[in-house]
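Novice: This structure is in structure tokens; I'll ask about it shortly.
The values are calculated or read from the model by the stated rules, or taken from the named source; none is laboratory data. Since this is a predicted model, take the numbers as computed values, not measurements. Every residue, glycine as well, gets a Cβ built from its backbone with ideal geometry; the counts of neighbours run over all protein chains shown. Just the protein is used for accessible areas: all its heavy atoms, side chains included, with ligands, DNA and RNA removed. Shrake-Rupley method; radii C 1.70, N 1.55, O 1.52, S 1.80 Å.
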Amino acid sequence: MSLPHAILTALLEKPSSGLELTRRFDRSIRYFWSATHQQIYRELKKLEEAGLIHALPQAQPQRGQKREYEVLPAGREALTAWVAERQDPRAMRDPLLLRLRAAAVVGTGDLAEEFERHLALHERQLAEYHEIEARDFPPEKTAEADRLQHLVLRAGIAQETFWVQWLTESLREMRAMAAERREEDGASG
């Protein structure tokens, strides 16, 4: 149920066309909530049918012209109610963790190589988040909305920091186990 709320949030920040909204998702919201362009357009239609948003009137309606949407009072109320809801944390679901568990049964194979690849990806994402933080959240930006958005970014920084640390530690452990296996193989051969 969160995609409609992400769209309502983005439209309350700034009325937008579907295309503008997908670009905004691509630039910022995608870091914590992913959606395809088709999903966004489909959701815009549902939100409009539900009376939560509407297309702004256009001065000269033209075929192919972008429809710009804004949130109606019912949409703001729905978003406000959603923000106030209680929701339990979700369990972490990452295929890499399941693959590691499976490796305990079938062996690691080239899993260390995949961990190295993931480590590089998380290091790159962490660097990107730090760049965004330096660019978009200077210390003098103290408005409440800025501070709350910064908290979202800081959650991303903390998550990427966790992955970088955990993957580094895991690779160290995998390498130690591989060295021990080589030693055992050398001693028995």
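Novice: Of all the accessible heavy-atom surface of the range 77-140, with the other protein chains kept in place and a 1.4 Å probe, what percent is carbon and sulfur?
Specialist: On the range 77-140, the fraction of accessible area on carbon and sulfur atoms equals 54 percent.
Novice: Follow-up question, since we're still on this one. How much of residue 37 can a 1.4 Å solvent probe reach, expressed as accessible area in Å² and rounded to 10?
Specialist: My reading of the accessible area for residue 37 is about 80 Å².
Novice: Heads up, I need the accessible area for residue 2: 1.4 angstrom probe, whole protein in place, Å², nearest 10.
Specialist: Counting only protein heavy atoms, the figure is 20 Å².
Novice: Right, something else. Using a 1.4 Å probe on the protein heavy atoms, what percent of the accessible area of the range 1-57 belongs to carbon and sulfur? Mind dumping the intermediate values first?
Specialist: Values: 1750 of 3120 Å².
Carbon and sulfur together cover 56 percent of it.
Novice: Here's a follow-up. For the range 16-82, I need the span (max minus min coordinate) of the C-alpha atoms along each principal axis, in Å, sorted largest to smallest.
Specialist: 37, 26, 16
Novice: Pop the C-beta distance of residue 94 and residue 141 into the FRET formula with R0 = 35 Å and round what comes out to the nearest 0.05.
Specialist: On the way: r = 33 Å, r/R0 = 0.93.
Once rounded, the FRET efficiency stands at 0.60.
Novice: Given the options 33, 111, 98, identify the residue whose Cα lies farthest towards the positive end of the charge dipole of the chain (+1 on Cβ of Lys, Arg; -1 on Cβ of Asp, Glu).
Specialist: Selected residue: 33.
Novice: Sticking with this one: Using 0.36 nm per residue, how much length does the chain from residue 38 to residue 5 gain when fully extended, once their Cα-Cα distance is taken away?
Specialist: 10.2 nm
Novice: Can you give the FRET efficiency to the nearest 0.05 for residue 49 and residue 13, using r as the Cβ-Cβ distance and R₀ = 35 Å?
Specialist: So the FRET efficiency works out to roughly 0.95.
Novice: Per residue, how much accessible area does the chain have with a 1.4 Å probe, in Å²? Display every interim value, and only then the final one.
Specialist: Working: 13550 Å² over 189 residues.
Value returned for the chain: 72 Å² of accessible area per residue.
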